[in-house]
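See structure below.
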Amino acid sequence: MRLLRQLALSALAIAALSAPSLAQDAANWPNRVVRIVVPYPAGGATDAIARLVAAKLQQQLGQNFIIENKGGAGGNIGADAVAKAAPDGYTILFNINGHAIAPAIYSKLSYSPDDDFIRVSQIASTSTVLVVHPEVPAKNLQELIALAKAKPGALNYGSTGVGNSLHLTMELIKQITNTDIQMVPFQGDAPLFQSLFRNDIQIALVPSSITKPHVESGAVRAIGISTLQRSPKLPDVPTLSEGGLKDFEMRGWMGLFFPKGTPQDLVNKLAAETKKAVDSPDIRQRFSEMELEPVGSTPAEFEKLYRADRVKFEKVVKDAKIQPR
């Protein structure tokens with residue numbers, strides 16, 4: 001018994017000597033390359049934003065932050081890779097609010113978006129614009145609702161995929177207004193806009209960042225924006241709340257996640273550095289150009305946002321009778 005006790009004490013002593021304290025980890029982190037996994041292909045808007053943030057964190061912390069694109073399965077392949085990564089602070093997930101939608105859309109996931117990640121910091125939020133083809137005889141939201149009610153099922157709206165936030169936001173608008181508007185899926189923004197320009201579809205809910213030129217050229221008519229405040233870039237476009245959907249707000253977001261089990265000291269440090277990055281004048285300028293609102297939230301704030309979106313989108317999916325994949 002005495003020998004076993006001595007062996008156990010020796011093992012504990014060796015472990016204590018070989019493993020640095022959490023405080024030391026946070027003080028020294030990062031001391032090697034940090035990998036940020038973007039679960040979407042290179043070249044898109046999400047990838048571009050991730051690279052901006054990675055470059056700023058690298059500048060602030062003096063260590064390389066590399067982007068690894070792991071696209072596929074609606075972001076689930078990359079998320080799964082991070083969920084299974086060592087929780088040592090050297091693998092980070094950069095994801096959008098589709099991460100909060102996934103449990104409602106996919107019947108079988110190889111990871112748990114709720115339980116396998118720590119919400120570190122929301123980086124930014126995005127807005128969307130409800131637009132129509134110029135020949136649609138509706139100049140505002142109330143007229144569009146009246147038109148849809150007068151012709152149930154006759155109007156079509158475009159969506160870049162089934163189950164993403166744009167699709168579910170439009171379904172929520174339909175539920176609130178009790179209207180029947182048919183969804184037409186597209187593989188990307190470009191074919192959606194081409195169809196809208198031809199009046200093959202009459203309505204779309206699209207990101208503000210890519211819509212402004214089409215509104216200004218008259219190719220589409222803006223009906224309302226999804227935030228509670230008007231956009232400085234589209235000041236003449238009313239909010240959907242102003243249009244009659246009282247207090248309606250739906251924002252997209254993007255943020256950073258650590259695998260479950262990552263020490264809290266590292267979580268807090270990355271959150272603080274992220275806040276510092278998005279508050280820097282150059283990042284704020286770039287975000288403004290991309291129609292992004294910088295945030296840099298605390299882990300607690302990001303957790304609250306994530307949980308609220310989980311509940312909200314799960315209800316939308318259920319009420320819209322969208323069958324999980």
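Computed from the coordinates by the stated procedures, all read-outs in this text should not be read as laboratory data. Since this is a predicted model, take the numbers as computed values, not measurements. Cβ: placed from backbone, ideal geometry, glycine included. Neighbour counts: every protein chain shown.
Modelled label-to-label distance, Ala27 and Lys321, 7 Å Cα→beta-carbon offset: nm?
Taking the simple label geometry, Ala27 and Lys321 are separated by 6.2 nm.
I'd like the Karplus ³J(HN,Hα) series for the stretch 197-213: coefficients 6.51, -1.76, 1.60, θ = phi - 60°, whole numbers in Hz, and an x wherever there's a Gly or Pro.
For the stretch 197-213, the Karplus-derived couplings read 4, 7, 6, 5, 10, 9, 9, 7, 10, 10, x, 4, 4, 10, 9, 3, x Hz, x marking Gly and Pro.
Where does the stretch 183-325 land on Rg/Rh, using Cα atoms and the Kirkwood Rh?
1.01
Filter Lys275/Lys321; Lys108/Lys149; Lys151/Lys318; Lys139/Lys275; Lys108/Lys260 down to the pairs with a C-alpha to C-alpha distance above 30 Å, please.
With Cα atoms farther than 30 Å apart: Lys275/Lys321; Lys108/Lys149; Lys139/Lys275.
Under a 5 Å amide H to amide H cut-off, with H placed in plane at 1.01 Å, what residues pair with Thr91 once short-range neighbours are removed?
Here the answer is Arg35, since their amide H atoms fall under 5 Å of that of Thr91.
Using a simple spin-label model with points 7 Å from Cα along the Cα→Cβ vector, what separation in nm is obtained for Glu135 and Lys84?
Roughly 5.1 nm, to one decimal.
Considering amide H positions built from the backbone, and no H for Pro or chain starts, which residues 5 or more places from Thr128, or on another chain, come under 5 Å of its amide H?
Distant-sequence amide H within range of Thr128: Ser208, Ser226, Thr227.
Using a/c under 1.5 as the rounded threshold, could you call the stretch 136-204 rounded, prolate or oblate? The axes a ≥ b ≥ c are square roots of the C-alpha gyration tensor eigenvalues, and prolate needs a/b larger than b/c, oblate otherwise.
Oblate.
Go through the stretch 261-271 residue by residue and turn each phi into a ³J(HN,Hα) via Karplus (6.51, -1.76, 1.60, θ = phi - 60°); whole Hz please, and just put x for glycine and proline.
For the stretch 261-271, the Karplus curve yields x, 5, x, 4, 4, 6, 4, 5, 5, 5, 4 Hz.
Take the Cα pairs of the stretch 101-225, get the Kirkwood Rh, then feed it into Stokes-Einstein at 10 °C and 1.306 mPa s and tell me D in µm²/s.
101
By how many degrees, 0 to 90 and rounded to 10, does the Cα axis of helix 45-61 deviate from the longest principal axis of the chain?
The angle comes out at about 30 degrees.
Which value results when the Cα radius of gyration for the chain is divided by 2.2 N^0.38 Å?
Rounded to two decimals, the normalised Rg is 1.15.
Starting from the 7 Å offset along Cα-to-Cβ, what nm value, one decimal, do you get for the label separation of Ala42 and Ile210?
In this crude label model, Ala42 to Ile210 measures out at 2.0 nm.
Across the stretch 75-88, in residue order, what do the Karplus-derived ³J(HN,Hα) couplings come to in whole Hz, using 6.51 cos²θ - 1.76 cosθ + 1.60 with θ = phi - 60° and x for Gly and Pro?
x, 6, 5, x, 5, 4, 4, 6, 4, 9, 7, 5, x, 10
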